[in-house]
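**Q** Before I ask anything, let me first share the structure, which is written out below as structure tokens.
A short reminder: the numbers here are calculations on the coordinates, not readings from a lab. This one's a predicted model, so the numbers in the text were calculated from it and none came from an experiment. All Cβ positions, even for glycine, are placed from backbone atoms using ideal geometry, and neighbour counts span all protein chains on display.
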Amino acid sequence: MKFLILSITLLLSSNFVHAVDPGEILKDSSLEIRARAISKDLRCVVCQNQSIDDSDAELARDLRILVRDRILEGDSDQAVIDYVVSRYGDFVLLNPPVKGVTFVLWFGPIVITLIGFICLILFFRRQKPLIQDLKKNNAEVKK
Amino acid sequence: MMKRLAYFLPLVLLAILAAYFSAGLGRDPQTLDSVLINKKVPEFSLPPIRGFNAGLSNNDFLNKVVLVNIFGSWCVSCRIEHPFLMELKKKGVIPIYGINWREQNQDDGPRWLKKFGNPYSLIGDDPKSRGAIAFGVTGAPETFLVDQRGIVRLKHMGPITQQNWNDTLKPAIDKLRNR
């Protein structure tokens, strides 16, 4: 029991563990909030399935610092993101933008679901007369 | 007849998906296509490493085909690649610029070059990854081929070997020079 409680506590607290070093954090908390938000959307190109905010990789740390330096220099959030994208491509965005090449990615699942529904409707429509026939038969047998 | 064919539709779809995914299996997710290809060398400016006079910036790319090599004394693959770069230098094949990436100690880079030889004609010091990020680097070594007009033409990830030199780098360089 003790072990279970300990595991659950540790598991829950792990949400609050971040890769950001205390030394990296900006003094101005409103700027720091912006930096954190940007970092959460940028993929760490070394570990790939983590954001740079979560990653301990050195390159991720350097990118976090770059994001903060650019914010301090007065760049807008979009300008910071655009700079990183201009170097690494759309791949660094954990939330890929909706555009020509990502069209299938965004709308493919919806289209496939729709096709599935259409097939289902067609299927049941075809079944309807059969079911009615069966019911009729059943009724006759009962008689 | 048409109805019968429809039964094969799922199979055909499966075959298409299988072909698509099996093509994806062979791709290495670590090799990203560089967005810099056919674009100007990104703006950057790096100071010299300790004991050297000249650093490296985007203004150093003009009127010659050059390689830019990202290296570090901590990087094992760079050590493997190094003798080949020395050979290129010795034969005067092509000027090589170096970006000395993320040395923990300022003396590490210079000491490494002193020990194994210096194949670079210009070297920039890049402790905070500014140059590496400008080039969209994800690991070392990485090498970029830049043409006479300062346009990035090729990105090579991992160590340069005789084989990939013959297969990709050498032909690309020859093509740029013969324009």
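**Q** Using a 10 Å cut-off on Cβ to Cβ distances, tally the other chain neighbours for every residue of A:59-66 and report the average as a whole number. Please report the intermediate quantities before stating the final value.
**A** Details: counts 8, 1, 2, 9, 3, 0, 3, 5.
Other-chain Cβ atoms within 10 Å of each residue's Cβ, averaged: 4.
**Q** Binning at 10 Å from 0, report for the protein assembly as shown what percent of all alpha-carbon pair distances ends up in each bin.
**A** Percent of Cα pairs in each bin: 5, 19, 24, 19, 13, 9, 6, 3, 2, 1, 0.
**Q** State, to one decimal in nm, how far the label point of B:R149 lies from the label point of B:F21, with both points 7 Å from Cα in the Cβ direction.
**A** Output for this residue pair reads 4.4 nm.
**Q** In a shell of Cβ-Cβ distance under 10 Å around A:A60, excluding A:A60 itself, what net charge do Lys and Arg (+1) and Asp and Glu (-1) give?
**A** Working: positive: A:R43, A:R61, A:R64; negative: A:D53, A:D54, A:D56, A:E58, A:D62.
With Lys, Arg at +1 and Asp, Glu at -1, the net is -2.
**Q** Right, another one. Computed from the mean reciprocal separation of all distinct C-alpha pairs, what Kirkwood hydrodynamic radius does region B:30-177 have, in Å?
**A** Details: mean 1/r = 0.0662 Å⁻¹.
Hydrodynamic radius (Kirkwood, Cα only) of region B:30-177 equals 15.1 Å.
**Q** Which percent, to the nearest 5, of DSSP beta bridges fully inside chain B are antiparallel?
**A** Values: 13 of 23 bridges.
Of those bridges, close to 55 percent are antiparallel.
**Q** With 10 angstrom as the radius, rank A:W106, B:W101, B:W112 by how many other C-beta atoms surround their C-beta, starting from the fewest.
**A** Lowest count first: A:W106, B:W112, B:W101.
**Q** Oh, and also: Calculate, for A:S30 and B:K170, the FRET efficiency according to 1/(1 + (r/R0)^6) with r their C-beta to C-beta distance and R0 56 Å; round to the nearest 0.05. Mind dumping the intermediate values first?
**A** Details: r = 53 Å, r/R0 = 0.95.
Efficiency, rounded to the nearest 0.05: 0.60.
**Q** I need the Kirkwood Rh of region B:1-90: take the reciprocal of the average 1/r across all distinct C-alpha pairs and report it in angstrom. Mind dumping the intermediate values first?
**A** On the way: mean 1/r = 0.0530 Å⁻¹.
Result for region B:1-90, one decimal place: 18.9 Å.
**Q** Further question: Within 10 Å of each Cβ in A:84-97, how many Cβ atoms from other chains are there, averaged over the peptide?
**A** 3
**Q** What is the dipole size for region A:1-96, taken about its Cα centre, with +1 at each Lys and Arg Cβ and -1 at each Asp and Glu Cβ, in debye to the nearest 20?
**A** Numbers: 11 positive and 16 negative charges, 70 e Å.
Roughly 340 debye, rounded to the nearest 20.
**Q** When B:V93, B:V41 are ordered from fewest to most other Cβ atoms inside 10 Å of their Cβ, what list results? All intermediate terms of the calculation are to be shown ahead of the outcome.
**A** Numbers: B:V93 15, B:V41 23.
Least crowded to most crowded, the residues run B:V93, B:V41.
**Q** What's the ranking of B:117-127, A:31-41 by average number of surrounding C-beta atoms within 10 Å, highest first?
**A** Working: B:117-127: 21.3, A:31-41: 17.5.
So the order, starting with the most tightly packed, is B:117-127, A:31-41.
**Q** On to the next question. More than 21 angstrom separation, counting every C-alpha pair in chain A; what % is that? Intermediate values should be presented prior to the final figure.
**A** On the way: 6446 of 10153 pairs.
Summing the P(r) tail past 21 Å for chain A gives 63 percent.
**Q** Let's test the formula: R0 of 41 Å, r as the Cβ-Cβ distance of A:T102 and B:Q106. What FRET efficiency results, to the nearest 0.05? Please report the intermediate quantities before stating the final value.
**A** On the way: r = 43 Å, r/R0 = 1.05.
Efficiency for this residue pair is about 0.40.
**Q** Within 10 Å of each Cβ in peptide B:135-142, how many partner chain Cβ atoms are there on average? Round it to a whole number, please. Let's see the in-between values first.
**A** Values: counts 2, 9, 4, 7, 4, 0, 0, 0.
Taking all residues of B:135-142 together, the mean is 3.
**Q** Once you list every other residue whose beta carbon is under 11 Å from the beta carbon of B:V65, what net charge do they have if Lys and Arg are +1 and Asp and Glu are -1? Let's see the in-between values first.
**A** Values: positive: B:K64, B:R149, B:R153, B:K175, B:R177, B:R179; negative: B:D147, B:D174.
For residues surrounding B:V65, the net value is +4.
**Q** Right, next: Mean separation of Cα pairs under 8 Å and 6+ residues apart, divided by the residue count of chain B: what relative contact order is that in percent?
**A** On the way: 276 pairs, mean separation 50.0, N = 179.
28 percent.
**Q** If contacts are Cα pairs under 8 angstrom and at least 6 residues apart, what is the relative contact order of chain A in percent? Intermediate results must be reported in sequence, preceding the final value.
**A** Working: 88 pairs, mean separation 23.2, N = 143.
The normalised contact order for chain A reaches 16 percent.
**Q** Ok, one more. Treat the count of other C-beta atoms within 10 Å as a stand-in for reagent exposure and order B:M86, A:M1, B:M157 from fewest to most. Walk me through the numbers before you get to the answer.
**A** Working: B:M86 15, A:M1 5, B:M157 18.
By the 10 Å Cβ count, ascending: A:M1, B:M86, B:M157.
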